[in-house]
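Attaching a single structure in structure tokens format; questions to follow.
The values are calculated or read from the model by the stated rules, or taken from the named source; none is laboratory data. Since the structure is predicted, the reported quantities are computational estimates derived from the model, not experimental observations. Every residue, glycine as well, gets a Cβ built from its backbone with ideal geometry; the counts of neighbours run over all protein chains shown. For the accessible areas, the whole protein counts, side chains as well, though only heavy atoms, and no ligand, DNA or RNA atoms are used. Shrake-Rupley method; radii C 1.70, N 1.55, O 1.52, S 1.80 Å.
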There are 2 protein chains.
Amino acid sequence: MAMNSQNGKDPVPIPTLERVTTYLRFLLDLEQSQIDTISSAEVERQTGINAAQFRKDLTHLGQFGKPGVGYNVAELQAQITRVLRMDHEQKVILVGAGNLGSALVGYPGLQEHRLSLVAVFDNNLSKIGRPLWNLEIQDTATLTEVNKVLGAQIAILAVPAPAAQKVADQLVEAGIRAILNFAPVILKLPRNVYVRNVSFLQELAVLSYQLASESLNAPLKKQEKE
Amino acid sequence: MAMNSQNGKDPVPIPTLERVTTYLRFLLDLEQSQIDTISSAEVERQTGINAAQFRKDLTHLGQFGKPGVGYNVAELQAQITRVLRMDHEQKVILVGAGNLGSALVGYPGLQEHRLSLVAVFDNNLSKIGRPLWNLEIQDTATLTEVNKVLGAQIAILAVPAPAAQKVADQLVEAGIRAILNFAPVILKLPRNVYVRNVSFLQELAVLSYQLASESLNAPLKKQEKE
DNA sequence: GAGCATTTGTTCCTTATTTCACAAATGCTT
DNA sequence: AAGCATTTGTGAAATAAGGAACAAATGCTC
């Protein structure tokens, strides 16, 4: 009678979600390797993610495993795919056809996850009208109008920082409900629009700190236990 | 007599670190805008980050603000920069000169943060020897040897998934202590090597789920306040 | 088909993070 | 220079996440 998580009831914690996407990747690799069953203990061995955590994460999505056996790889992969809505085709638009934007478009994983890039925008006149892969770059100014037809809900924002907020506002205006933001800017958006920020500079800063703090913390003793 | 955090004593929590890099970005913007003082309350207003959290995060790095006044923007920015070791020049190497790698190299923010790209590697014969921006692409096979001279501690890993683990091993062999990994693979590395993973596909998956769960959670009522 | 070796789902406990709330500190005003 | 309006830094409370442990479930062996 436990109806705790069968249907999308309780919101899946963000940390869990982030790991789940990792599980999906891992499971796809296992499928490649013709492995059809895996236990949480084996997951821990291969990924370093705690077995109990793996199991608990999955309970947020539903029930999948068989006691004494483990998880059917293909089935679990399909389930996660379904939960993440990666089984439907989803339209994505890109704003910003610079180096980064262009690199993202070319990334093969997009189709693999049923993410279909349906339009690319840029405000650079010399780029507008040119092809980027299989799409023609359109004027950012027409973004709202164009997406009223396309109806994409997800956008990738890869414009320079100074332009980001303005474009983000246009995206919302255009009906976009989720933004993957590469600009190093804190976007101010309505609460009902989801944002994920990606900043490789910030990631490098974290690494930089970790390196630095290490030499501060253990400069005297060379003991390297645990 | 509180010697709790002046020198890198307690390890700064990762969530705090991640926010700190955001603060840094924000402070740099404020400096641009000629704003020289800011309070935690104002930070909350402008970034959405809880004021108490901002203050507590900063205490992990030291003491900065003045009661009744707030924080000196330039000073705080400089402090954070120092703590993150972004005041020293730091060498970075890149492995993988594909679309993504090329885009990263061109990113202007690198120099701004004193991150100096000193070498680029790829294993594609048609790329080796060619210039990428101001560097010549070198053979990944020579990575270990080359970095013994260069002595970079930070690497950006932007190779295809199947090659990632092998290259990562080479990086460690080459003395790299921190890896920014763009390959959708869980790297198995010694505990004393720091890794940060960046995966925009996973980020899109999270957004996809959030969109989906929303329509599950509030499909009946259309009330959408705030 | 009973016993055994596994392995899950879940409860309970521990640890970490966030938020609250307020005393101490600062500078401004009169 | 005393009072006042701020705003910090920080303990203490609340919330969230992570991990250990175990009963229930499964399939395998004999």
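Can you give the accessible area buried between chains B and A, summed over both chains, with a 1.4 Å probe, in Å² to the nearest 100?
Values: alone 14920 and 14880 Å², together 23480 Å².
Buried area (both sides, nearest 100 Å²): 6300 Å².
Indicate, rounded to the nearest 5 percent, the antiparallel portion of the DSSP beta bridges found entirely in the stretch A:90-199. Present the calculation step by step, with values, prior to reporting the outcome.
Numbers: 2 of 23 bridges.
The antiparallel fraction comes to roughly 10 percent.
Just the number please: accessible area per residue for the stretch B:90-202, 1.4 Å probe, all protein chains included, in Å².
Each residue of the stretch B:90-202 exposes 45 Å² on average to a 1.4 Å probe.
Give me the net charge of B:ALA174's neighbourhood, meaning all other residues with Cβ under 14 Å from the Cβ of B:ALA174; Lys, Arg count +1, Asp, Glu -1.
Working: positive: B:LYS91, B:LYS148, B:LYS166, B:ARG177; negative: B:ASP139, B:GLU145, B:ASP169, B:GLU173.
In short, 0.
Placing the label point 7 Å from Cα along the Cα-to-Cβ direction, what are the distances from A:LEU125 to the equivalent spots in the other copies, shortest first, in nm to one decimal?
In ascending order, 4.6 nm.
Just to verify a number: FRET efficiency for B:GLU112 and A:ARG82, C-beta to C-beta distance, R0 = 45 Å, to 0.05? Write down the numbers at each step before the final one.
Working: r = 43 Å, r/R0 = 0.95.
In this case the efficiency is close to 0.60.
Based on C-alpha coordinates, I'd like the Rg and Dmax of the stretch A:96-226, in Å.
Both quantities, over Cα of the stretch A:96-226: 19.2, 65 Å.
With +1 on each Lys and Arg Cβ and -1 on each Asp and Glu Cβ, and nothing else charged, work out how big the dipole of chain B is about its Cα centre, in Debye to the nearest 20. Display every interim value, and only then the final one.
Values: 22 positive and 22 negative charges, 93 e Å.
That gives chain B a dipole magnitude of about 440 debye.
I need the inter-copy label distances for A:ILE14: point set 7 Å along Cα to C-beta, values in nm with one decimal, smallest first.
1.4
How large is the accessible surface of A:VAL198 in square angstrom, using a 1.4 angstrom probe and rounding to the nearest 10?
Accessible area, nearest 10 Å²: 20 Å².
Then there is this: Considering the rotation that carries chain A onto chain B, locate the chain A residue whose Cβ comes closest to its axis and report the distance in whole Å.
In residue-and-Å form, the answer is A:ALA103, 2.
Then there is this: Counting Lys and Arg as +1 and Asp and Glu as -1, each charge on the Cβ, what is the dipole of the protein assembly as shown about the Cα centre in debye, to the nearest 20?
On the way: 44 positive and 44 negative charges, 141 e Å.
Once rounded to the nearest 20, the dipole reads 680 debye.
Across the stretch A:102-117, in residue order, what do the Karplus-derived ³J(HN,Hα) couplings come to in whole Hz, using 6.51 cos²θ - 1.76 cosθ + 1.60 with θ = phi - 60° and x for Gly and Pro?
So the J values, rounded to whole Hz, are 4, 4, 5, 4, x, 5, x, x, 4, 4, 3, 9, 6, 9, 10, 6.
Just reorder A:GLU89, A:GLU31 by solvent-accessible area, largest first, 1.4 Å probe, all chains present. Write out the running numbers ahead of the final one.
Working: A:GLU89 110, A:GLU31 65 Å².
Putting A:GLU89, A:GLU31 in descending order of accessible area: A:GLU89, A:GLU31.
Kindly give Rg over Rh for the stretch A:1-155, based on alpha-carbon atoms, with the Kirkwood expression for the hydrodynamic radius. Could the numbers behind the result be given before it?
Values: Rg = 19.6 Å, Rh = 17.9 Å.
Rg/Rh for the stretch A:1-155 comes to 1.09.
Which one of A:LEU187, A:TYR107, A:GLN138 is farthest out on the positive end of the charge dipole of the stretch A:90-199, using unit charges on Cβ (Lys, Arg +1; Asp, Glu -1) and the Cα centre as origin?
So the residue we want is A:LEU187.
Continuing with this model, one more query. Based on a Kirkwood Rh over C-alpha pairs, give the Stokes-Einstein translational diffusion coefficient of the protein assembly as shown at 10 °C and viscosity 1.306 mPa s in µm²/s. If you can, show how the numbers build up before the last one.
On the way: Rh = 23.8 Å.
It comes out at roughly 67 µm²/s.
Then there's this: Which entries of A:LYS91/A:LYS148; B:LYS166/B:LYS188; A:LYS56/A:LYS91; A:LYS166/A:LYS188; A:LYS127/B:LYS127; A:LYS56/B:LYS56 have Cα-Cα distances beyond 22 Å here? Present the calculation step by step, with values, prior to reporting the outcome.
Working: A:LYS91/A:LYS148 13 Å; B:LYS166/B:LYS188 10 Å; A:LYS56/A:LYS91 31 Å; A:LYS166/A:LYS188 10 Å; A:LYS127/B:LYS127 26 Å; A:LYS56/B:LYS56 31 Å.
Going by Cα-Cα distance, A:LYS56/A:LYS91; A:LYS127/B:LYS127; A:LYS56/B:LYS56 fall outside the 22 Å limit.
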